[in-house]
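Read-outs: derived from the displayed coordinates by stated rules, not from any lab. Note that the structure is a prediction, hence the values are computed from the model and not measured. Neighbour counts are summed over all protein chains in view; Cβ atoms, including those assigned to glycine, are modelled from backbone coordinates with ideal geometry.
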Amino acid sequence: MKISRRNFLWVSGAAITASLAAKLGCAPKEPVVDPGEEQVGVEPEELRVQYASTVTQICSICGVGCGVLCYVEDGKITAVEGDPDHPINEGALCSKGSALYNMYYIYDEKGNAIQNPQRMTKVLYRAPKATDWVEKSLDWAIDEIAKRTKATRDEYFKEKNAAGQTVNRCEALAWVGSAMCTNEENYLFRKLVAATGIVNNDHCARL
Ligand code: SF4
C-alpha cells in the first residue's frame with residue numbers, strides 16, 4: 001500500500017481512536033481462533049525489495065553524511081532506507097533523507113512512480129553573454145574549470161599587500177562548498193582552497 005500524506009493521517013487517527021476505545025473498555029473483542037479450524041491466510045503484500053540488490057550510498061543532501069541503502073532492480077532504484085550498519089545514522093534518516101527516493105521519481109496521474117524528467121544528467125554550458133545552453137562532456141567541463149582556475153590564479157595571485165605584508169592570496173577567485181559533500185570531502189576542499197590562496201570561501205552550512 002502506498003502511504004500518502006492523507007491516508008497516513010487517516011491511519012494515525014484510526015489507531016489513536018482504537019487505543020482510546022480499548023482504554024475505555026469499549027473496543028471490540030479480539031476474535032477467538034479455534035485451533036482446529038483451518039485458517040484462510042491473507043497473502044502478505046510482496047516486498048518492493050524482495051528481488052532487488054542492495055547498494056550502500058551516502059545521503060546526498062547534507063554534510064552529516066548519513067548512510068543509505070539503495071535497493072536496485074533492473075538498473076532502477078526500487079526503495080531507499082537508512083543503513084543500520086552506518087556509524088553516523090545507525091539506520092535513521094531525517095525527513096529530507098527519508099524523501100531521497102523522490103529525488104529520482106515523481107508520480108504520474110495513476111500514482112505510478114516514473115523517473116523525474118527534470119533531473120540533470122548531463123553537463124550544460126552557457127558561454128559568457130550567450131543565451132543558449134550547450135551540452136558538453138564531463139571531461140570537457142573538468143578541463144575547462146582547471147584551465148580557467150589556473151589562468152586566473154596566475155594573473156591575480158598577490159604575494160604582498162599594499163603595505164608590503166606577505167598575504168599569498170588570490171582575490172579574483174571564490175569557492176562555494178556544497179552541502180551534498182561529506183564533512184571529510186569539505187575538509188579536503190578547505191585544504192585545497194587555502195593552498196590555492198583563495199580567501200573568498202563559503203558554504204551554505206558553514207562547514
Ligand atoms: S539530509 Fe538528513 S539523512 Fe541526509 S545526510 Fe543530512 S541529516 Fe542525514
Between VAL72 and THR166, Cβ-based FRET efficiency (R0 41 Å, step 0.05) works out to 0.15
Mean Cβ-within-10 Å packing, highest first, puts peptides 174-184, 133-143 in the order 174-184, 133-143
Here segment 47-59 yields Karplus 3J(HN,Hα) values (6.51, -1.76, 1.60; θ = phi - 60°; whole Hz; Gly and Pro given as x) of 5, 5, 9, 3, 10, 8, 8, 9, 10, 7, 8, 10, 4
Binned at 10 Å starting from 0, the alpha-carbon pair-distance distribution of segment 60-207 in whole percents comes out as 9, 24, 30, 23, 11, 3, 1
LYS147 neighbourhood, Cβ < 14 Å, K/R = +1, D/E = -1, net charge -1
The farthest towards the positive end of the charge dipole of segment 157-202, of the residues CYS181, THR166, ASN200, given +1 on Cβ of Lys and Arg and -1 on Cβ of Asp and Glu, is THR166
Checked against the positive end of the charge dipole of segment 50-119 (+1 on Cβ of Lys and Arg, -1 on Cβ of Asp and Glu, about the Cα centre), the farthest of GLY82, THR54, GLN115 is GLN115
Per-residue Cβ contact counts at 10 Å, fewest first, order VAL199, VAL55 as VAL55, VAL199
For ILE58, other-chain or 5+-apart residues with amide H closer than 5 Å (H placed, Pro excluded) are VAL68
With +1 on the Cβ of every Lys and Arg and -1 on the Cβ of every Asp and Glu, the dipole magnitude of segment 94-207 about its Cα centre, in debye rounded to the nearest 20, is 260 debye
Output for segment 69-132: trypsin sites (Lys or Arg not before Pro) sitting in coil per DSSP, at most 15 other Cβ within 10 Å, listed by number, reads LYS110, ARG119, LYS122, ARG126, LYS129
